[in-house]
1. Return the single residue from 67, 200, 155 with maximal mean-square fluctuation; model: Gaussian network over the chain, springs between Cα atoms under 10 Å.
2. Could you give me the radius of gyration and the Dmax of region 25-149, taking only the C-alpha atoms into account and expressing both in angstrom?
3. Loop-only trypsin sites (Lys or Arg not before Pro) in region 41-130, please: DSSP not H, G, I, E or B, and at most 11 other Cβ atoms within 10 Å.
4. Which residue fluctuates most in the GNM of the chain (Cα springs below 10 Å): 146, 246, 219?
5. Not counting ligands, DNA or RNA, and with a 1.4 Å probe, what is residue 235's accessible surface area in Å² rounded to the nearest 10?
6. Give me the 1.4 Å probe accessible area per residue for the chain, excluding ligands and nucleic acids, in Å².
7. Restricting to DSSP H runs of at least four residues, report the calculated mean residue ellipticity at 222 nm for the chain, -39500 (n - 2.57) per run over all residues, nearest 500 deg cm²/dmol.
8. Tell me which GluC sites (Glu not before Pro) from region 193-256 have a DSSP coil assignment and no more than 13 other beta carbons within 10 Å of their own.
Amino acid sequence: MAHELGAAQGRGGRALGPIDSDALLRARVDLAACFRMAARLGLEEGICNHFSALVPGRDDLFLVNPYGFAFAEITASGQLVCDFDGNVVEGEGRPEATAFFIHARLHATLPRARAAFHTHMPNATALSMVEGEPLAFAGQTALKFLGRTAVDERYNGLALDATEGNRIAATLGDADVVFLRNHGVMVTGPTIAEAWDDLYYLERAAEVQVKALSTGRPLRAVDPDVARRVAAQMREGDPESARLHLESVKRVLMREDPAFAT
């Protein structure tokens, strides 16, 4: 049941102001762009994957895609605003059950994760299905994720209750990316742009790793000292690079698929 977006109380009893409608619209457009480009790149799986982001200025409400729609159909206005109790505060429809239990608990317990993208994108998911560490740091793109990944080793079926969502959030811990064994990946970030950037490059890193392994020849790892230095260099420029990356995505879509922003 929808109700008016207004002031509320946040964590620790602090007052939360009313929604900044302009900031919310910008977040809606940014998230819609991520859905549409993810669809173009084949990063989604039917209607079963989900992206979410906390409402700007609020830590008690989040945007998420409604159940039953492919990523290619998602628009800025078509996203739902939900609270952590499962109420749809704004929008038509309802979130998919696993989307709610994973994303609500992730945002509730890890407020630093202001954006959370869950996919079954093929190459990263393939690496979640093999023994050992999923991501090998043998290519430059993979070094973006050095020291930033976790692995949820216990596949436990569909996330249909808060307990499973809490377990996944606890596994993520201080990492930004969690490989969900036999399932897929969850990518989180402090902004929508940074979550998108990581999602895109994670799949690219996984793709070249799968291709390299398909040769049957052993991977040649990067020298650990060089790897750490490169990872630090990448992290220093990540926020701005991610912002520019998402801006480029929106420009492409405005030329070729402008309905995303409606």
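The values are calculated or read from the model by the stated rules, or taken from the named source; none is laboratory data. What you see is a predicted model; the values in this text were computed from it and never measured. Because the Cβ atoms are built from the backbone with ideal geometry, glycine has one as well, and the counts that use them run over all protein chains shown. Just so you know, the surface numbers come from the protein's heavy atoms only, side chains and all, with ligands and any DNA or RNA stripped out. Shrake-Rupley method; radii C 1.70, N 1.55, O 1.52, S 1.80 Å.
1. Of the options given, 155 has the highest mean-square fluctuation.
2. Spelled out, the Cα radius of gyration and Dmax of region 25-149 are 15.2, 45 Å.
3. Those satisfying the criteria are 112.
4. Looking only at 146, 246, 219, the largest GNM fluctuation is found for 219.
5. Here the accessible area works out near 100 Å².
6. 47
7. Value at 222 nm, helices only: -14000 deg cm²/dmol.
8. Numbers: sites: 194, 203, 207, 236, 240, 247, 256; in loops: none.
Taking region 193-256 and a limit of 13 other Cβ atoms within 10 Å, no loop GluC sites (Glu not before Pro) are found.
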